[in-house]
Structure formats: C-alpha cells, structure tokens
1. Looking at THR40, THR24 in this structure, which one is over 30 Å from ARG222 (Cβ atoms), under 33 Å from the mean Cα position of the chain (by Cα) and free of Cβ contacts under 8 Å to residues at least 40 places away in the same chain?
2. Mind checking which residues of the stretch 407-450 are surrounded by 14 or more Cβ atoms within 10 Å (Cβ to Cβ), in contact with an Asp or Glu (Cβ under 7 Å, 6 or more places away or on another chain), outside any helix (DSSP H, G or I) and not hydroxyl-bearing (Ser, Thr, Tyr)?
3. Looking only at residues that are in contact with an Asp or Glu (Cβ under 8 Å, 6 or more places away or on another chain) and surrounded by fewer than 13 Cβ atoms within 10 Å (Cβ to Cβ) in the stretch 63-97, which one is modelled with the highest pLDDT?
4. Within the stretch 43-62, track down each residue that is at pLDDT below 90 and open to solvent by less than 20 Å² (accessible area, probe 1.4 Å).
5. For THR140, all conditions in the list (1) among the hydroxyl-bearing types (Ser, Thr, Tyr); (2) modelled with pLDDT under 85; (3) in a helix (DSSP H, G or I) hold save one; what is the number of the exception?
6. Is it the case that the stretch 345-356 has a residue that's surrounded by fewer than 23 Cβ atoms within 10 Å (Cβ to Cβ), assigned to a helix (DSSP H, G or I), of a type outside the set (Val, Ile, Thr) and in contact with a Leu (Cβ under 6 Å, 6 or more places away or on another chain)?
7. From the set of residues in the stretch 190-208 that are assigned to a helix (DSSP H, G or I) and not basic (Lys, Arg), which is surrounded by the fewest Cβ atoms within 10 Å (Cβ to Cβ)?
8. Of all the residues that make up the stretch 376-417, how many are over 26 Å from the mean Cα position of the chain (by Cα) and under 19 Å from ASN317 (Cβ atoms)?
Amino acid sequence: MTEVADRITGLVGALRAHGVRIGTGESVDAARAVEALGLTDRELLREGLAATLLHGPGQRAVFDPVFDLYFPRAVGGLEGSGPDRDALRDRLAEALAADDQAMMARLAAEAVDGMGGYGSSPGSDGFSAYQTLERLRPQTLLARVRADVRGRDGGGADFADRLLDDEIRRRIEAFRRMVGTEARRRVAERRGRDEIARRGVLPTADRVDFLFAGRDQLAELRRAVQPLARKLATRLAARRRRAARGTVDLRRTLRSSLSTGGVPMRPVLRRRRPVRPELVLLCDVSGSVSGFSDFTMLLVQALHDQFSKVRVFAFVNRLDEVTGLLGHGRADPDGLSARIRAEATLTGWHGSSDYGVALGEFAERYVDAVGPRTTVFVLGDARTNMSDPNLAAVREVARRARRVYWLNPEPRAQWGTGDSAAPAYADLAEMHECRTARQLGALIARLLPV
C-alpha cells in the first residue's frame with residue numbers, strides 16, 4: 001500500500017505542476033477511489049481517478065499521459081529478439097483493419113522495444129517515439145488497411161470510402177499515441193517517473209508558449225476563446241459593480257456623523273457614474289507573434305459588449321484597421337490570420353516588421369481614435385529589425401490615451417537583446433510579459449478598464 005500511496009502522491013504532484021488545481025480533499029478522494037476500485041481494471045481506475053482529481057474535460061490531455069506513467073500497462077521490455085520491420089507492419093495492418101486495440105498496444109510496445117532505442121551506455125540509453133514512428137511509418141498503411149476492410153465488408157460508395165479513410169486515420173493516430181505512451185514509460189523507468197511527468201508531457205493549451213505553439217495548439221486556443229471571454233466578462237462586470245459604489249465622501253460622512261455624536265455610523269459614498277471605456281488594439285501579426293495577436297484579437301472581440309467602442313489595427317511594417325474583419329459573429333475564427341493578410345495592407349516594399357514605421361503611421365492617420373477614455377494595448381515582441389523605434393509616436397499616443405499597455409510574448413530576460421527595443425518602449429508604455437493564454441487571461445482581467 002505504501003507504493004500505491006507514493007504513486008498517488010506522485011500523480012497529484014505532477015498534475016499540480018501542470019497547473020491542475022488539486023486540494024487535500026481531492027487527494028484523499030483519489031486514495032479512496034483506488035481502495036474501492038482496486039488495481040485489476042486499469043481503465044476503470046483511470047476513470048475513477050479522473051473523476052476525483054479533474055475539474056473539466058480539457059484537463060484529460062494532461063491527465064492521461066501522466067496516469068500512464070504512474071500506473072503503466074507493463075514494466076520493463078519485451079522478451080525475445082527485435083521485431084522484423086516488415087512483419088511488424090503486416091501485423092499492424094491487420095490490427096488496424098480489425099480495430100484490435102489490445103493488439104495495437106502490444107505492437108506499439110514491440111516497435112518501441114525494437115526500433116526506438118538509442119544510445120550505447122546505460123546512462124545515455126533512451127527510447128524515442130519519433131524514431132520508432134519514422135522507422136515504422138504507420139501512416140503509409142492507409143491504402144493496405146482500406147483494402148483489407150473493403151475485402152471484409154464489401155465495397156461502398158465514394159462517401160462511405162471517405163468515411164472509412166477518416167476512421168482508418170483515427171486508428172493510426174491512436175496507434176501513434178500508444179507508441180508515445182510506451183516510449184515515455186520506458187524512459188521513465190530509466191530516469192524516474194517524476195521527471196518525465198513534468199518534462200515529457202505536453203502542457204495544456206493555455207500554458208503553451210505562444211511563440212512555440214503548434215497549429216493544433218493554436219486551434220485549440222481559438223476554441224477556448226468563448227469560454228475564457230465569458231469568465232472574463234463576469235469578472236469585469238463584478239469589478240464595474242464594485243467601482244459603481246464609489247469611494248467614501250469624507251466631508252459628507254463627518255457631517256452625517258453629527259447626529260450620532262460624531263461617530264461615523266453610516267459612511268456616505270461618493271457615487272460614480274461609470275461610463276464604458278474605449279479600447280484600441282495595435283497588433284503585430286508578423287511571424288510567430290501572429291498566433292499571440294490572433295488569439296488576443298479574438299478574445300477582445302468576444303468581450304466587445306464590455307466597451308463602448310473597440311478598434312483593432314494590425315501591422316507588419318504598414319498599419320491598417322481590421323476591426324471589420326473581426327465583426328461580431330463572423331464565422332471561421334481559424335481563418336482570421338488569412339483574412340487579415342488578404343484584405344489589409346500590412347507590408348510595403350519588404351516583409352519584415354518595422355515598429356517605427358507602423359506606429360508612426362498610426363500616429364499620423366488614426367490618432368483621433370485615441371482619447372481620454374481610451375485604453376491602448378500594443379501586442380508584439382518590440383523587435384524592430386534594427387530600424388528606428390519611433391519613440392515620438394508612442395509618446396504622442398501615450399499623451400492622448402488614458403492608459404497604454406504593451407503585452408510582450410517574449411521572456412523578460414530577452415527584452416533588450418539583439419534588435420529588441422523593449423526597454424525603450426517600456427519607458428513610455430507599461431510593458432508586461434505575456435507568453436501564455438493563462439497569463440493573458442490574468443492580465444486582461446487586471447488591466448482592462450471598468
């Protein structure tokens with residue numbers, strides 16, 4: 001039982017390291033779930049622990065690979081010599097055609113054991129899912145598996161064939177995940193579960209660095225815009241209600257206290273008449289920064305009801321207004337970047353970002369969009385490609401605006417290195433490191449005016 005308790009503790013610690021909030025009570029519930037369910041049925045145990053530890057389906061992407069490390073399907077490698085690649089591919093094609101999950105898991109273990117090892121010394125030996133899949137190439141089995149399934153079930157219409165291809169691709173992707181799970185298990189046995197659970201498991205999308213997020217992770221972030229916007233809108237509405245109560249009017253409070261012998265029993269508040277603020281976004285959409293800017297634009301557009309006016313501008317080395325391209329209810333958020341690049345004028349005679357020219361163009365053409373009720377957010381890494389940063393333009397915007405914030409997706413340690421003008425801009429605008437969607441949500445909730 002001590003070993004089981006250690007595994008539960010390690011599982012909880014690894015999930016906490018990935019941002020899953022787990023309290024003492026939930027940890028106790030997890031231990032009770034293990035006691036009630038036992039260790040015989042591994043999938044039943046998985047679902048029981050997920051029910052006691054997780055707060056939403058979005059956390060399963062982290063939970064499942066971590067669970068596989070602390071409650072693995074097997075221990076050690078397989079007995080016997082390494083598998084023959086062609087024979088293993090033949091067996092895999094049969095398993096995929098039959099959708100035999102147990103056989104696919106067995107073949108994943110054989111493949112990692114025979115094709116995924118690297119290194120020669122005990123201290124450096126490891127296992128690689130990437131190397132295994134590159135040698136096995138299961139994605140090339142689609143045509144063979146399709147033929148096998150057709151032979152069993154008979155031919156079909158073109159539409160049915162397309163559905164069949166999608167189903168086969170799903171099975172191949174499931175096998176690829178099995179290979180990844182098996183490789184992590186083998187490495188964890190050598191290097192320790194705790195280390196691999198923290199470093200070898202992909203974080204949830206809201207904790208992925210914007211600058212390194214892949215296409216699938218960015219797509220997942222875009223799907224999370226509406227739930228995050230609802231949460232932030234609730235927080236902003238609560239802040240607005242608190243702000244509307246006003247502050248204590250000392251003079252009127254003291255006057256009122258005369259009726260109670262000078263004791264201020266009933267504070268008199270100086271009532272506010274809150275007016276919905278205006279918001280302006282200036283977004284660098286060049287290179288890897290574009291994913292960060294796209295997500296922020298979609299989030300602010302989803303919050304448009306919280307402001308009297310929202311105007312959005314995009315730039316690379318030219319600046320153009322793109323507010324209309326984010327029109328409320330506009331379909332296809334995944335195509336936002338393509339729409340902006342197709343319909344807005346963002347570049348001049350070269351394609352590199354130039355903050356000085358773009359900010360100068362805003363100060364010349366659109367400075368009337370900024371007034372005493374306007375909060376301006378600049379989104380970008382402040383890398384000028386060694387061009388003039390045009391601090392005068394930022395100074396003019398800051399002079400006219402209520403507040404100017406700069407959200408920088410680069411780590412703070414890199415500000416001012418190379419062609420970064422971040423320290424110079426930070427002297428004129430309040431600059432914040434904003435590398436993940438979680439950080440962005442916290443900053444938006446704290447910085448947006450009420």
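The values are calculated or read from the model by the stated rules, or taken from the named source; none is laboratory data. The model shown is predicted, which means the values in this text are computed figures rather than measured ones. Cβ coordinates were reconstructed from backbone atoms using ideal geometry, including for glycine residues, and neighbour counts include every protein chain displayed. The accessibility values were calculated without ligands, DNA or RNA, using every heavy atom of the protein model including side chains. Shrake-Rupley method; radii C 1.70, N 1.55, O 1.52, S 1.80 Å.
1. THR24
2. Within the stretch 407-450, ASN408, PRO409, GLU410, ARG435 meet the criteria.
3. Only one residue tops the list, namely VAL75.
4. Within the stretch 43-62, VAL62 is the sole residue that qualifies.
5. Condition not satisfied by THR140: (2).
6. Scanning the stretch 345-356, I find no residue that is surrounded by fewer than 23 Cβ atoms within 10 Å (Cβ to Cβ), assigned to a helix (DSSP H, G or I), of a type outside the set (Val, Ile, Thr) and in contact with a Leu (Cβ under 6 Å, 6 or more places away or on another chain), so the answer is no.
7. Out of the qualifying residues, it is GLU195.
8. Going through the stretch 376-417 one residue at a time, the tally reaches 12.
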